[in-house]
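Scroll down for the structure; my scribbles are underneath it.
The values are calculated or read from the model by the stated rules, or taken from the named source; none is laboratory data. Keep in mind the model is a prediction, meaning the values are calculated, not measured. Because the Cβ atoms are built from the backbone with ideal geometry, glycine has one as well, and the counts that use them run over all protein chains shown.
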Amino acid sequence: MLFQRFAMLKMFLAAVGASMLSAALLVLCRRNLYEKILNGYIEHNSRRGVLHYLFGGTLIGLGMVVCGSCPGTVFVQVGSGIVYSLFTCLGGILGTYFYYAFVHERISQEKFLPSSLVLRRLCDVLPIPSTVCHVIFGLIFLGIAIGLEFAVPWKSDLNPDLLSKGTVNPDDATGHFLGLAAWPPSACGAGVGLLQLFFMYFLEKSLGASSAFTVFAAQVCRIKIIGQAIPSLNSFTYGLKNYVALLFALGAIGGSAISAGLSKTIPLGPENGTNILNSILGGFILLLGARCAGGCTSGQGISGTTHLLIGSFITTASIFGGGIIFAFSYSLSNSEWLFQNL
């Protein structure tokens with residue numbers, strides 16, 4: 001958030017770009033399927049207004065700065081052996097329980113009309129056909145990500161400790177590219193964006209990471225008395241689409257562990273990251289914000305913007321705006337930055 005490293009920005013922009021191009025392809029091949037997914041996504045967010053997106057997005061940005069992670073990145077950090085990421089997960093689960101126990105019913109509103117601003121799509125406002133919008137914005141986001149790779153070469157942007165343990169030279173790596181200590185962020189982001197096509201075509205849902213915390217937390221609702229105490233969590237307890245969220249999280253952890261193992265960078269160790277308190281607090285704030293906004297950097301930032309929803313653009317702007325303001329404010333008021341090697 002301080003623009004000292006650009007890996008996250010490159011990856012996010014490339015992910016959004018590839019995701020938008022994936023959506024354009026799906027619209028051309030299976031329009032009815034895409035419209036079904038889009039309508040389901042809009043229905044999921046139909047009780048959220050501008051304040052939900054602004055407040056939730058700002059909380060996500062704040063949480064990202066506090067713990068040095070986001071609801072999707074934390075699974076990769078767990079697999080990489082970053083010790084404090086486990087405490088971030090703990091904070092995320094606690095934040096999920098807090099939201100559904102004390103916040104959800106109080107802030108849920110009557111369903112907004114499809115014509116309301118936050119549920120409208122950018123292609124309806126401009127107006128431009130959705131496929132054209134997807135292609136134009138997809139190429140723009142990908143172009144910016146690739147341009148940043150030239151402006152700030154990815155090898156110059158790496159964690160020095162990572163390079164001391166592994167290599168970015170394919171000739172020296174175990175299994176060539178699979179054994180590299182790092183890959184170009186824009187290429188990784190494009191890979192994440194292509195997951196959108198898999199999720200939409202095979203699972204008929206949009207990509208999202210924070211829902212894994214909700215599904216995990218909801219498993220205690222199998223105990224009848226807890227299910228009655230937190231009824232709003234019950235819908236996340238059962239069902240294939242809920243279990244997919246957990247499988248996605250486990251896959252991210254497993255893939256990260258395999259990559260770190262092949263590149264000989266596991267474990268990264270406790271020197272990478274923040275401290276226990278900030279990890280728990282940051283995770284708590286992250287998931288509280290993600291539940292308020294109806295998604296995180298992946299659910300709203302990647303999927304929501306892919307669907308061209310104005311509410312998702314508001315959330316994404318709030319995430320990065322809130323995070324940047326807090327990070328710069330904190331860095332100006334403290335001579336020592338708390339977050340090491342992230």
Could you figure out which of (1) within 30 Å of residue 204 (Cβ to Cβ); (2) among the hydroxyl-bearing types (Ser, Thr, Tyr); (3) surrounded by 20 or more Cβ atoms within 10 Å (Cβ to Cβ); (4) in contact with a Phe, Trp or Tyr (Cβ under 9 Å, 6 or more places away or on another chain) isn't true of residue 58?
(1)
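Residues checked against (1) farther than 20 Å from residue 18 by Cα; (2) of a type outside the set (D, E, K, R); (3) out of contact with any helix residue (DSSP H, G or I) (no Cβ under 7 Å at 6 or more places or on another chain); (4) buried (at least 21 other Cβ atoms within 10 Å of the Cβ):
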site: 167; (1), (2), (3), (4): yes, yes, yes, no
site: 172; (1), (2), (3), (4): yes, no, yes, no
site: 181; (1), (2), (3), (4): yes, yes, no, yes
site: 185; (1), (2), (3), (4): no, yes, no, yes
site: 191; (1), (2), (3), (4): no, yes, yes, no
site: 194; (1), (2), (3), (4): no, yes, no, no
site: 203; (1), (2), (3), (4): no, yes, no, no
site: 212; (1), (2), (3), (4): yes, yes, no, yes
Please work out which residue is farthest from residue 18 (Cα to Cα), limiting yourself to segment 95-137 and to residues that are in contact with a Phe, Trp or Tyr (Cβ under 7 Å, 6 or more places away or on another chain) and of a type in the set (Val, Ile, Thr).
96
Determine whether segment 148-161 contains at least one residue that is surrounded by fewer than 20 Cβ atoms within 10 Å (Cβ to Cβ), touching a Leu at 6+ places or on another chain (Cβ under 7 Å) and either free of Cβ contacts under 8 Å to residues at least 60 places away in the same chain or closer than 25 Å to residue 24 by Cα (or both).
no
Segment 192-213, residues that are assigned to a helix (DSSP H, G or I) and either of a type in the set (Lys, Arg) or under 14 Å from the mean Cα position of the chain (by Cα) (or both)
192, 193, 195, 196, 211, 212, 213
When residues of segment 77-108 are filtered for being in a helix (DSSP H, G or I) and within 24 Å of residue 120 (Cα to Cα), how many remain?
2
Extreme residue, surrounded by the fewest Cβ atoms within 10 Å (Cβ to Cβ), among residues of segment 99-143 that are over 16 Å from residue 292 (Cα atoms) and small (Gly, Ala, Ser):
115
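For segment 138-157, give me each residue that is farther than 17 Å from residue 12 by Cα and either of a type in the set (S, T, N, Q) or not in a helix (DSSP H, G or I) (or both).
156
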Say whether the condition of being hydrophobic (A, V, I, L, M, F, W, C), assigned to a helix (DSSP H, G or I) and within 21 Å of residue 328 (Cβ to Cβ) is met by at least one residue in segment 11-30.
yes
If you go through segment 46-55 one residue at a time, how many are surrounded by fewer than 24 Cβ atoms within 10 Å (Cβ to Cβ) and part of a helix (DSSP H, G or I)?
5
Kindly provide the set of residues from segment 220-252 that are more than 21 Å from residue 205 (Cα to Cα) and either touching a residue at least 12 places away in the same chain (Cβ under 8 Å) or part of a helix (DSSP H, G or I) (or both), ordered by number.
220, 221, 222, 224, 225, 226, 227, 228, 229, 230, 231
Out of 118, 74, 135, which single residue is modelled with pLDDT of 95 or more, of a type in the set (Val, Ile, Thr), in a helix (DSSP H, G or I) and under 25 Å from residue 40 (Cα atoms)?
135
Determine if segment 77-94 includes at least one residue that is crowded, with 17+ Cβ neighbours inside 10 Å and on the phi > 0 side of the Ramachandran plot.
yes
